[in-house]
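Peer 1: Can you read through this structure? Questions will come right after.
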Amino acid sequence: MRNTFSNDTRLLGLLGHPIRHSYSPFIYNISAQLLNLDLLYLPFDIPPSDLKSAVRGMVTLGFKGWNVTIPHKETIKKHLSNLSEEAALVGAVNTVVNDVGNLVGYNTDVHGIHEVLLPFKDEVGGLEVTVLGAGGAARAAVYSLIKYFRPAKIHIINRTEQRADSLKDYFYNKMRYSEIKTYILFPPEVHEVISNSKLVVNTTSVGMFPEVDSQLFYDPKVFNRGQIVFDMVYNPIETGLLKMAKGEGAVTINGLRMLVSQAAKSFELWTGQELPAPAIHDALLNYIK
Ligand code: ATR
């Protein structure tokens, strides 16, 4: 990695807790190196009680922008001057741009999901889709589906039914979208909901390293040929869920593409430059395995 910096080095960072497992420093610092940019991206482990002073510190130190991750994606909003339309509608921020003290929050996860699913847009439109999970990542997925893909129905399946219900209410209130149905994990009738969905998106962390053997369900027969199955988990690159779906003939999409796509959008917001996405994708493939 580049180890000489100038007095003008552009500082970027990450605020999260914990941040030990983040690939963002790798993605942005390698990109800077490949593009020969005088830029440094630093991760900061900031507990919730320190978020306000951390934001003030980032501004004082002249950071041009930073990513925000768990658990700050929602609480950061009150420390910002403006939100992009997407961040406001999703209710979460993963990228902040510091424009001379004017802090603007964006949600580039929406962009990542949109870009990854775009090749399947015509297949998904007018059909039923299933979202597994009802947290912040699910909110970005549901927003992206409503805004760009116009499915006939969105089924949300979650361990805690009440969280799925509040997501349904959220999108009715924010976007007047009424085609969401909710289910609890995992009575047998839910299998049928998944089987009948053209697209299945896993937004939960189930199956993520180190618990690679845990899954939301273990019956591969819920999947079939002709389906598209997208798992946001990127470590391992091929999750148990994707293995099952692939075994039944479904088209599978791993979380790495979204990781790179959302990072590319953040990078563009901060630098105006295009992230060298194919090179970063390949570098991550080697780094993660
Ligand atoms: P994120 O912002 O990444 O979406 P989150 O808001 O904590 O994170 O949401 C995590 C999602 O994964 C939730 O839908 C959660 O289910 P609950 O709402 O019931 O908590 C789901 N999840 C996490 N661990 C799970 C597990 N072991 N089994 C089933 N669902 C799980």
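Peer 1: Taking interchain pairs and intrachain pairs at least six residues apart, which have beta carbon atoms under 6 angstrom, with the first residue in segment 204-225 and outside any loop (DSSP other than H, G, I, E, B) and the second among the aliphatic types (A, V, I, L, M)?
Peer 2: As it stands, the answer is Pro220/Met244; Val222/Ile194, since those pairs meet every condition given.
Peer 1: Limited to segment 83-120, what total is found for residues that are out of contact with any Ser or Thr (no Cβ under 7 Å at 6 or more places or on another chain), under 16 Å from Ala137 (Cα atoms) and surrounded by fewer than 24 Cβ atoms within 10 Å (Cβ to Cβ)?
Peer 2: 4
Peer 1: Can you pull out every residue in segment 235-263 that is under 30 Å from Phe63 (Cβ atoms) and free of Cβ contacts under 8 Å to residues at least 40 places away in the same chain?
Peer 2: Within segment 235-263, the subset under 30 Å from Phe63 (Cβ atoms) is 235, 255-263.
The answer is Gly255, Leu256.
Peer 1: If you check Ile113 against the conditions, is it within 16 Å of the ligand (Cβ to nearest atom), under 24 Å from Ala277 (Cα atoms) and modelled with pLDDT under 95?
Peer 2: Values: within 16 Å of the ligand (Cβ to nearest atom): yes; under 24 Å from Ala277 (Cα atoms): yes; modelled with pLDDT under 95: no.
No; evaluated as a whole, the condition is false for this residue.
Peer 1: Tally time: how many residues in segment 173-196 are open to solvent by 60 Å² or more (accessible area, probe 1.4 Å), touching a residue at least 40 places away in the same chain (Cβ under 8 Å) and either assigned to a loop (DSSP other than H, G, I, E, B) or closer than 19 Å to Gly247 by Cβ (or both)? Let's see the steps before the verdict.
Peer 2: Within segment 173-196, the subset open to solvent by 60 Å² or more (accessible area, probe 1.4 Å) is 173-174, 176, 178-179, 181, 184, 188-189, 192, 196.
Checking which are touching a residue at least 40 places away in the same chain (Cβ under 8 Å) leaves us with 174, 196.
Retained after the next criterion (residues that are either assigned to a loop (DSSP other than H, G, I, E, B) or closer than 19 Å to Gly247 by Cβ (or both)): 196.
The number of residues fulfilling the criteria is 1.
Peer 1: Just give me the residues in segment 197-211 being away from the ligand (no atom under 13 Å from the Cβ) and exposed (fewer than 15 other Cβ atoms within 10 Å of the Cβ), in sequence order.
Peer 2: Restricting attention to segment 197-211, the residues satisfying the condition of being away from the ligand (no atom under 13 Å from the Cβ) are 197-200, 209-210.
Within segment 197-211, Phe209, Pro210 meet the criteria.
Peer 1: Also, quick follow-up: Could you pull out the residue among Gly240, Gly272, Gly226 that is more than 17 Å from the chain's Cα centre (by Cα) and closer than 26 Å to Ala92 by Cα?
Peer 2: Numbers: Gly240 fails: closer than 26 Å to Ala92 by Cα; Gly226 fails: closer than 26 Å to Ala92 by Cα.
Unique residue meeting the criteria: Gly272.
This table checks each residue for (1) among the aliphatic types (A, V, I, L, M); (2) within 16 Å of the ligand (Cβ to nearest atom).
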residue: Arg56; (1), (2): no, no
residue: Val59; (1), (2): yes, no
residue: Lys73; (1), (2): no, yes
residue: Glu85; (1), (2): no, no
residue: Val90; (1), (2): yes, yes
residue: Asp99; (1), (2): no, no
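Peer 1: If you don't mind, another one. From the list Tyr170, Tyr218, pick out the single residue that is modelled with pLDDT under 95 and either hydrophobic (A, V, I, L, M, F, W, C) or within 16 Å of the ligand (Cβ to nearest atom) (or both). Step through it out loud before you land on a result.
Peer 2: Working: Tyr170 fails: modelled with pLDDT under 95.
When all the criteria are applied, what remains is Tyr218.
The values are calculated or read from the model by the stated rules, or taken from the named source; none is laboratory data. Note that the coordinates shown come from a computational prediction; the quantities given were computed from them, not determined experimentally. Counting neighbours? That spans all protein chains shown, and the Cβs are built from the backbone with ideal geometry, glycine included. Heavy atoms of the whole protein, side chains included, go into the accessibility calculation; ligands, DNA and RNA do not. Shrake-Rupley method; radii C 1.70, N 1.55, O 1.52, S 1.80 Å.
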